[in-house]
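Engineer: The following block contains the structure, expressed as structure tokens.
The values are calculated or read from the model by the stated rules, or taken from the named source; none is laboratory data. Since we're looking at a predicted model, the values are computed, not measured. Cβ sites come from the backbone with ideal geometry, for glycine too, and all protein chains shown count toward neighbours. What goes into the accessible areas is simple: the full protein's heavy atoms, side chains included, and nothing from ligands, DNA or RNA. Shrake-Rupley method; radii C 1.70, N 1.55, O 1.52, S 1.80 Å.
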Amino acid sequence: MTQPEIRVQDLHKSFGDNHVLRGIDLEIGHGEVVCVIGPSGSGKSTLLRCVNLLEEPSTGEVFVGGTEITDPDVDIDAVRRRIGMVFQQFNLFPHLNVTENLTLPQRRVLRRDKAQAARIAAENLARVGLSEKADAYPSSLSGGQQQRVAIARALAMGPEVMLFDEPTSALDPELVGDVLAVMRRLAEEGMTMMVVTHEMTFAREVADRVVFMDGGVIVEDGTPDQVIARPRHERTRHFLSRLL
Ligand code: ADP
Ligand code: MG
């Protein structure tokens with residue numbers, strides 16, 4: 001691997017007495033897709049949130065594109081601009097239409113002018129297959145469409161890295177496929193992605209690596225074939241057996 005896009009070194013995070021992340025070491029290369037799996041409460045969301053400083057790590061270091069973002073002097077807003085995040089809940093503004101949801105953060109955070117923001121919004125709506133919904137309000141869209149808008153909103157900021165935290169967990173089963181298809185295309189375009197998911201088919205087919213977390217540590221890190229098809233650890237086998 002050349003210089004990794006994301007590097008996490010001996011990361012610990014506690015909430016009071018609750019020692020949630022217990023020494024995470026992880027490198028993600030440029031253009032690599034890493035799926036993070038593991039039981040509820042194992043620290044997956046906390047890890048993602050530490051990578052874009054939504055949570056402050058207790059100790060350890062996080063680098064994104066060579067910048068140490070855990071350096072106290074770092075410009076947090078500048079870091080966040082480089083990292084797109086998609087959550088289980090889409091968090092669209094209900095009173096704004098789709099285009100306005102995409103242009104607002106571009107104008108506020110990146111200071112793009114109206115025409116440029118609208119052009120980039122349209123490009124990214126096309127990317128997620130929702131050009132025809134440009135003027136629609138979120139409440140008129142399905143959950144899957146809303147999540148694709150949320151992905152387009154993140155992409156419109158031009159991130160180097162995309163983090164996804166269970167992006168399909170809140171969706172009706174029949175809507176999951178469209179969102180995964182958008183993520184798959186993004187992976188094929190070469191986006192660096194870290195995806196917390198329970199979608200094992202997606203992990204097996206799209207991920208370059210799968211990381212299994214349990215109890216705040218990485219138990220297993222390898223290719224999908226190594227981790228999903230031939231797990232070495234009993235804890236991984238136990239977790240996977242309960243998903244099937
Ligand atoms: P996962 O995403 O794997 O389900 P989380 O990272 O959400 O796990 O949570 C791991 C642990 O950290 C849980 O015990 C949870 O209660 C705790 N935790 C997460 N976020 C916070 C927070 N903001 N304040 C206090 N405890 C938290
Ligand atoms: Mg979580």
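Engineer: Relative contact order for region 84-172: what is it in percent, counting Cα pairs under 8 Å that are at least 6 residues apart?
Structural biologist: RCO, region 84-172: 50 percent.
Engineer: Now for a different question. In percent, how large is the relative contact order of the chain, given Cα pairs closer than 8 Å and 6 or more residues apart?
Structural biologist: 26 percent
Engineer: Another question, then. Could you work out the helix-only [θ] at 222 nm for the chain, with each DSSP H run of four or more residues adding -39,500 (n - 2.57) and the total divided by the number of residues, to the nearest 500 deg cm²/dmol?
Structural biologist: Taking each H run of at least 4 residues, the total per residue is -11000 deg cm²/dmol.
Engineer: What is the spread of the Cα atoms of region 1-124 along each of their three principal axes, largest first, in whole Å?
Structural biologist: Principal extents (Cα only, largest first): 46, 33, 29 Å.
Engineer: Turning to a different aspect of this structure: Say we join alpha carbon atoms closer than 10 Å with springs in a Gaussian network model of the chain; which of L21, L163, L92 then has the biggest fluctuation?
Structural biologist: With Cα springs under 10 Å in the chain, the top fluctuation among L21, L163, L92 is at L92.
Engineer: To continue, here is another question. Which order do S58, S142 take when ranked by solvent-accessible area (1.4 Å probe, heavy atoms of all protein chains), largest first?
Structural biologist: Output order, biggest surface exposure first: S58, S142.
Engineer: Residues of region 160-199 with backbone nitrogen within less than 20 Å of a virtual label 7 Å along the Cα-to-Cβ line of A78, please, listed as ranges.
Structural biologist: 160-162
Engineer: For region 173-193 and region 89-146, what is the centre-to-centre distance using only Cα atoms, to the nearest Å?
Structural biologist: After rounding, the separation between the Cα centres reads 18 Å.
Engineer: Most mobile of L155, L96, L11 per a Gaussian network model of the chain (Cα springs, under 10 Å)?
Structural biologist: L96
Engineer: Place a point 7 Å from the Cα of H95 along the Cα-to-Cβ direction; which residues of region 119-155 have their backbone N under 18 Å from it?
Structural biologist: 136-140
Engineer: Here is a follow-up. With every protein chain in place, what's the accessible area of I83 (1.4 Å probe, Å², nearest 10)?
Structural biologist: Surface open to solvent at I83 totals about 10 Å².
Engineer: Counting Lys and Arg as +1 and Asp and Glu as -1, what is the net charge of the other residues whose Cβ lies under 12 Å from the Cβ of N91?
Structural biologist: Charge balance in the 12 Å sphere: 0.
Engineer: Can you give the Kirkwood hydrodynamic radius for the chain, in Å, rounded to one decimal and based on Cα pairs?
Structural biologist: 18.5 Å
Engineer: Can I ask one more? Straight-line reach only, C-alpha to C-alpha below 16 angstrom: list the aspartates and glutamates that K133 could link to, leaving out same-chain residues fewer than 8 apart.
Structural biologist: E100, E123, D178
Engineer: Could you pull the accessible area for E56 with a 1.4 Å probe, rounded to 10 Å²?
Structural biologist: Solvent-accessible area, nearest 10 Å²: 140 Å².
Engineer: Tell me, what % of the accessible area of the chain is carbon and sulfur with a 1.4 angstrom probe? Before the final figure, lay out the partial values.
Structural biologist: Details: 5250 of 11430 Å².
Carbon plus sulfur share of accessible area: 46 percent.
Engineer: Output the Kirkwood hydrodynamic radius of region 21-83, Cα pairs only, in Å rounded to one decimal.
Structural biologist: 12.7 Å
Engineer: Something else now. Select from M85, P173, T67 the residue farthest towards the positive end of the dipole of the chain; place +1 on Cβ of Lys and Arg, -1 on Cβ of Asp and Glu, and compute about the Cα centre.
Structural biologist: Positive-most Cα among the choices belongs to P173.
Engineer: Right, something else. Working with all protein chains in place, sort D17, D73, D221, D25 by solvent-accessible area computed with a 1.4 Å probe, largest first.
Structural biologist: Solvent-accessible surface, decreasing: D17, D73, D25, D221.
Engineer: Still on this structure, please answer the following. May I ask you to rank H19, H238 by accessible area, largest first, using a 1.4 Å probe over the protein chains only?
Structural biologist: Reading off the accessible areas and sorting them downward yields H238, H19.
Engineer: Tell me, what is the per residue accessible area of the chain in Å², probe radius 1.4 Å?
Structural biologist: With the other protein chains kept in place, the chain gives 47 Å² per residue.
Engineer: Answer rounded, prolate or oblate for region 149-244, using the Cα gyration tensor with square roots of eigenvalues a ≥ b ≥ c: rounded when a/c is under 1.5, else prolate when a/b is larger than b/c, else oblate.
Structural biologist: Note, shape of region 149-244 comes out prolate.
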